[in-house]
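Inspection log for the structure reproduced underneath, given as structure tokens.
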Amino acid sequence: MQALTTTRTGSGLQIRIDGPDWWRGAIGYEVYVRSFADTNGDGIGDLPGITGKLAYLADLGVDVVWITPFFRSPGFDHGYDVSDYCDVDPKHGTLADWDALAAEAHRLGLRLFVDIVPNHSSSHHAWFKAAVADPTGPYRDYYLWRDPAPDGGPPNNWVSHFGGPAWTLDPGGSGQYYCHLFLPEQPDLNWANPAVMEEFARILRFWAGRGADGFRIDVAHGLCKDPSFADNPQLRPVTPGMHPMDVFASFDHVHDLHRHDTAVLFRQWRDAVHDHGSVLLGEMDTRNVERFAEFVADDTALHAGFVLQLGLGPWRPAHIVDTILEYQEKANGGCAWEVSNHDQARAVSRFGGGDVGLGRTLAVSTLMAALDGMFFLYEGEELGLPDATLVGHVEDPMSARNGEGLWTRDVARGPMPWTTGPLNGFSQAATAWIDTAPLPPDLTVEHQQADPTSTWHRYHALSMLRRTYPELWQAPFELLHHTDTALVIRRGSLLVVGNLGPDAMQTPELAGATLLFQSRDQAFSDGEAPLVAGESTVVVRAGG
Ligand code: GLC
Ligand code: CA
């Protein structure tokens, strides 16, 4: 069991969970560095901007701040193409800025996750330059090179997430192709080469030694490739004009993703950070829960992985209930739950928009707060932000390279609305790096913190609930009953009722209970009143 230390901060309880298992009940918050806060007026978010807002995050009740990549990068994929893993990109600050950020975070009782990008480097990384310059040198084998197919084309049918084949001809003229599951500027590293693990062990220790408490591991599920480089089975035809993400999903990625040997590799990651006690959290787009469980097996692989399924697609209550039950039961407690991140449309918009979308998002978030593992908010989620309205040209390389008009990740990447001032207080610049319509006053931090009925206060109350009642994630998870779209869960003295379906539901278990939290303010009376649709409630059981 964890030791809980309680202190008071500006607007609530700050409880720090100590011991090696501290992450299990933690509430995480994703900062998309470009769009959080800009301090030097260049329109791009930076590390000092984050430092200045850490007290805000502590007040919200966050334990862990995951910061998206801020390393040196030419920026082809906005930081997910790293040219030096052990330095800060000048557009986001300096190593001294990182040190100041880490010191302030730890003073406030917050922990920091650095976003490591190990599936690929930038094509501007010294390793790749050396690999191209000298095909017989030691760096060649840091990447995945293959001879062309007999017709001179790419070696197999693998496709890039961002459109086109996953193979590009060696710019050095060797005649070979190199593999890239993302942009050609993001060559995939060869994790079958132990030297790559050694490099990353050094990188992990560098950041752990400088104050990182853990790591979010980008594309963790993709590190190992099948050494046979066989074609992936095709599930459905690919038609002209298809979105690159749909093209990608038209193949069964048995040979390029989700490989069992990745779980074996994670043991080496675990060993690499053992002395620092760092927590390893994988981005795991692995829809197969058994494989997911292997990737987060106790003590031998990663600590946890993101369950990305709730962050994808439109409102599908039955899918949400299924996913929660399946992963809660089978994933070794190693889940990090989320409904929004920087790669998908925001939950409020996906779940129906407006008040409906917000109510549904809150209902799901309340359920997530009552599950094992971590749960993460994405910047602005605490304000109930919908997708941004894009004004200028597209920035997201995935869409920019495949023609305007395609769905773009830019909708989730607008500047954080702090105030009602110019650029919503994000920056002193005339324009931000991304051009989005200003947001109305009631969506700003300034307004919402001042209004006790705001969405911000609802999320704040939810995070306080998870802190003050650790039973919510520690007590045995007992499913009392469920339907396709509703759940009644007992956790120690608490009951959690989530009704995501369209029909009101009688819940006799609520009789005599004491209300602790509701995702919406609906009439509550000890169980006679049915819960309305799209609502989650947490109560202390009668006599509990
Ligand atoms: C992950 C990141 C995404 C990035 C991709 C390539 O999915 O979340 O933003 O484009 O990896 O690194
Ligand atoms: Ca800046």
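Give me the percent of DSSP beta bridges within the chain that run antiparallel, rounded to the nearest 5.
60 percent
Summing charges over neighbours of S519, with a neighbour being any other residue whose Cβ is under 15 Å away from its Cβ, gives -1 when K and R count +1 and D and E count -1. Estimated purely from DSSP H runs of n ≥ 4, each contributing -39500 (n - 2.57), the mean residue ellipticity at 222 nm for the chain is -7500 deg cm²/dmol once divided by its residues.
Highest mean packing comes first when the peptides 46-53, 498-505 are listed by Cβ atoms within 10 Å, giving 46-53, 498-505. Of the GluC sites (Glu not before Pro) in the stretch 393-460, the ones in a loop by DSSP (not H, G, I, E or B) with at most 16 other beta carbons within 10 Å are E404. Rounded to a whole number, what is D in µm²/s for the stretch 476-540 from Stokes-Einstein with the Kirkwood radius over alpha-carbon pairs (25 °C, 0.890 mPa s)? D = 213 µm²/s.
For the chain, the longest principal axis of the C-alpha atoms and the axis of helix 260-273 are separated by about 80°.
Taking the centroid of alpha carbons for each part, the stretch 197-263 and the stretch 452-506 are 33 Å apart.
For the stretch 476-540, the relative contact order is 33 percent, taking Cα pairs closer than 8 Å that sit 6 or more residues apart in sequence and dividing their mean separation by the residue count.
Of the peptides 360-369, 323-332, 410-419, the order by per-residue mean of other Cβ atoms within 10 Å, starting with the highest, comes out as 360-369, 410-419, 323-332. Annotation: amide H of R413 within the under-5 Å range of A388, sequence separation 5 or more or interchain, hydrogens built in the peptide plane. Annotation: amide H-H contacts under 5 Å for Y143 (H modelled 1.01 Å from N, sequence separation of 5 or more, or interchain): N190. Summed over all non-identical Cα pairs, the Kirkwood treatment of the chain gives a radius of 24.1 Å.
Across the chain, C-alpha contacts under 8 Å between residues 6 or more apart give a mean separation that, scaled by the residue count, equals a relative contact order of 13 percent.
Rounded to the nearest 10 degrees, the angle from helix 95-107 to the longest Cα principal axis of the chain is 20 degrees. Derived scalar couplings between HN and Hα for the stretch 190-202 equal 9, 7, 7, 9, x, 4, 5, 4, 4, 4, 6, 4, 5 Hz in order, rounded to whole Hz, by the Karplus curve 6.51 cos²θ - 1.76 cosθ + 1.60 (θ = phi - 60°), x for Gly and Pro. In this structure the amide hydrogen of H342, modeled in the peptide plane, comes within under 5 Å of no amide hydrogen from residues 5 or more places off or on another chain. Shown is the FRET efficiency for R210 and A230, computed with R0 = 45 Å from the Cβ-Cβ distance and rounded to the nearest 0.05: 0.65. Sequence-ordered 3J(HN,Hα) estimates for the stretch 239-245 from the Karplus curve with 6.51, -1.76 and 1.60 and θ = phi - 60° stand at 10, x, x, 5, 5, x, 5 Hz, glycine and proline given as x.
Read the figures in this text as sums done on the coordinates, not as results from a lab. All figures in this text were calculated on a predicted structure; none of them were measured in a lab. For neighbour counting, all protein chains shown are included, and Cβ atoms are generated from backbone atoms with ideal geometry for every residue, glycine included.
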